Amino acid sequence: MGQKQKKQRLTKEEARNRIKPTQDLFVRWLFGEESHTSLTKSFINAVLEDAGGKKVREISIKSPFIMSECRSTKMPVTDIEASDENGTVFDIEIQAYTENAFLLRLKYYWAGIYRKQLKKGNDYSTLKPCIV
């Protein structure tokens, strides 16, 4: 009998070529269910770590959906809201192609995160940074 084949670790580049984290089906599965919260958080933290950012401490899936209902239709991807230990708020969006409308939508989300942080009479200095 032959020698058992050892599992080879992939480099980051090899893994990125095999696993396409921007494909709709992957994003819908990962971001689409509350039961995936821990895995989704790990995914976000891996991206932030790779970019030299701070890890998020909590996430919230804003609009979960059922995979079997959306496999063949083009639906918007679930919003994920996250925050780190400094209170920075993140709105996580994954988009494979950048269009002008997408950039405008990001600005709209960014403004909404800031708006949600203030109540009538609050001081603007209480605002936490936000990243979309």
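The values are calculated or read from the model by the stated rules, or taken from the named source; none is laboratory data. The structure displayed is predicted, hence computed values, not measured ones. A quick note on method: Cβ atoms are made from the backbone with ideal geometry, for glycine too, and the neighbour counts reach across all protein chains shown. In case anyone asks, the SASA skips ligands and DNA or RNA and just uses the protein heavy atoms, side chains included. Shrake-Rupley method; radii C 1.70, N 1.55, O 1.52, S 1.80 Å.
Would you confirm whether any residue within segment 123-131 is part of a helix (DSSP H, G or I), among the small types (Gly, Ala, Ser) and under 26 Å from Phe26 (Cβ atoms)? Walk me through it before giving the result.
Within segment 123-131, the first condition is being part of a helix (DSSP H, G or I), and the residues that meet it are 124-126.
Within this subset, residues satisfying the condition of being among the small types (Gly, Ala, Ser) are 125.
From what is left, the residues that are under 26 Å from Phe26 (Cβ atoms) are none.
No, the conditions are met nowhere in segment 123-131.
Cβ-Cβ under 9 Å, sequence separation 6+ or interchain: first residue in segment 35-57 and surrounded by 12 or more Cβ atoms within 10 Å (Cβ to Cβ), partner modelled with pLDDT under 90 and among the basic types (Lys, Arg). Which pairs?
These pairs meet every condition: Leu48/Lys54.
Could you list, in sequence order, the residues of segment 79-106 that are modelled with pLDDT under 85, charged (D, E, K, R) and surrounded by fewer than 17 Cβ atoms within 10 Å (Cβ to Cβ)?
Passing the criteria: Asp79, Glu99.
For Leu118, only one of the following conditions fails: (1) touching a strand residue (DSSP E or B) at 6+ places or on another chain (Cβ under 9 Å); (2) modelled with pLDDT of 85 or more; (3) open to solvent by less than 60 Å² (accessible area, probe 1.4 Å). What is its number?
Of (1) touching a strand residue (DSSP E or B) at 6+ places or on another chain (Cβ under 9 Å); (2) modelled with pLDDT of 85 or more; (3) open to solvent by less than 60 Å² (accessible area, probe 1.4 Å), only one is false for Leu118: (1).
What are the residues in segment 81-102 that are under 18 Å from Ile61 (Cα atoms) and hydroxyl-bearing (Ser, Thr, Tyr), if any? Break it down stepwise before answering.
Taking segment 81-102 as the starting set, the residues that turn out to be under 18 Å from Ile61 (Cα atoms) are 81-84, 87-95.
Hits for segment 81-102 are Ser83, Thr88.
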